[in-house]
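Okay, structure first, notes after.
Read-outs: derived from the displayed coordinates by stated rules, not from any lab. Computed from a predicted model, the values in this text were never measured in an experiment. Glycine also receives a Cβ, built like all others from the backbone with ideal geometry; neighbour counts cover every protein chain displayed.
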Amino acid sequence: MQEKINQILKEIEAYKIETQEELEQFRIKFLAKKGIVADLFDNFKNVAAEQRKEIGQKLNDLKINAQEKLNIYKSTIENSVTSSSETLDLSLPSDFNELGARHPLSIVRNEIISIFSRIGFTVSEGPEIENDWHNFSALNFPEEHPARDMQDTFFIEKSPDVALRTHTSSVQVRVMESTKPPIRTISPGRVFRNEAISARAHCIFHQVEGLYIDKNVSFADLKQTLLYFSKEMFGEKTQIRLRPSYFPFTEPSAEMDISCDICGGAGCNICKYSGWVEILGCGMVDPNVLENCGIDSKTYTGFAFGMGIERITQQKYKTKDLRMYFENDVRFLRQFEQAL
Ligand code: PHE
């Protein structure tokens, strides 16, 4: 018996306990009702009287030994389970919480809205997914006009009538259809064109388009409005020039350049050494468009203009590559933090 106890003592000492399962197996093997220790106690009655004291002592030690080992491993295993599932360390200093900044495109859009709202323009918005009527037909695009071509427009595969809007002129059609003149509104928003992405162009960009319809609205009103806008946006010294152009929805149509405020008109690589930078398209609303939208073209006239927010932002902040506006690299965006 003595020998058996010694052997089991060694076994208990050597027993490897690493997991909850091993701990339980240890308990069952040595300490359960029908375990080794209980078995030894059962056999104790067979021990000769003169050995009882000594063996009884050893047996008790064995039981305590096994019990202690169980308790120690129980608490270590339980602690390691909680510390791996609970990673909350309240003594750890928290990360510095950085404040966000407004995106440069948002800063410029808000500035454009503010400039036009000072002369009575409201803000209108519309859907980014448009039908042919609002994006093209109502705006006097002939059926075969190349701008409808798949190369320029993202159509929804299942229906040629549904497309991502290519300009926010579609919003102006919606306003004309639902509002009686006088109308004085701008429509900022995201637009989509199937174009190769480069430093100067992207397939997603932002526009602000403007519309003014009333009795006796003239080209002089358009020009003066755009001059006011350009001086407010780029500074008092800014000059504008209008070049004849073509849009299906305006007649006459023009493109507007501003004097390059990077070189002050002397010529640089931004203005391609011309001293001028093109920033928007404009014109007098074609009478067909007014009629398409239910406005009497004999009573009312109007002007419209449209500009790309990226182009204006690029000019204002002198960024070379407009892809930076979409990458959202914090090192780039951080430069605008003070403008929040
Ligand atoms: N819709 C034109 C474009 O996206 C811009 C424009 C608007 C031109 C209004 C003239 C008048 O390019």
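A few comments on the model shown:
- In this structure, LYS231 and ASN110 have a Cβ-Cβ separation that, at R0 = 25 Å, corresponds to a calculated FRET efficiency of about 0.85.
- Under 5 Å, built H, 5+ apart or other chain: amide partners of SER245: SER253, ALA254, GLU255
- Only Cα pairs under 8 Å and 6+ residues apart enter the sum, and on that basis the relative contact order of region 254-340 stands at 21 percent.
- Among 292-298, 32-38, 249-255, 207-213, sorting by the average number of other beta carbon atoms lying within 10 angstrom of each residue, highest first, gives 207-213, 249-255, 292-298, 32-38.
- Across the chain, C-alpha contacts under 8 Å between residues 6 or more apart give a mean separation that, scaled by the residue count, equals a relative contact order of 16 percent.
- Cα centroid separation, region 105-182 to region 238-313 (Å): 16 Å
- Think of it this way: in the chain, CYS203, CYS282, CYS293 stand alone, with no other Cys Cβ under 4.7 Å.
- HIS145-PHE96 FRET efficiency (beta carbon distance; Förster radius 41 Å; 0.05 resolution): 0.15
- With each label modelled as a point 7 angstrom along the Cα→C-beta vector, the THR299-ASP42 pair spans 10.9 nm.
- Projected label points at PHE332 and ILE262, each 7 Å from Cα along the beta carbon direction, are separated by 1.5 nanometres.
- Relative exposure of ARG174, ARG165, ARG118, judged by other C-beta atoms within 10 Å (fewest first): ARG118, ARG174, ARG165
- ³J(HN,Hα), Karplus 6.51/-1.76/1.60, whole Hz, each residue of region 7-17, x for Gly, Pro: 5, 5, 4, 5, 4, 4, 4, 7, 4, 8, 10
- Label-to-label distance, nm, for residues given as ARG190 and SER159 (7 Å Cα→Cβ offset): 2.1 nm
- Placing R0 at 56 angstrom, the Cβ-Cβ distance between ASN79 and GLU50 gives a FRET efficiency of 0.75 after rounding to 0.05.
- Segment ILE28-GLN7, length gained on full extension (0.36 nm per residue, minus Cα span): 5.8 nm
- Hull-based mean projected area of region 179-230, where the convex hull spans the alpha carbons, in square nanometres: 5.3 nm²
- Of LYS34/LYS69; LYS45/LYS74; LYS223/LYS272; LYS180/LYS223; LYS16/LYS58, those spanning more than 27 Å from alpha-carbon to alpha-carbon: LYS45/LYS74
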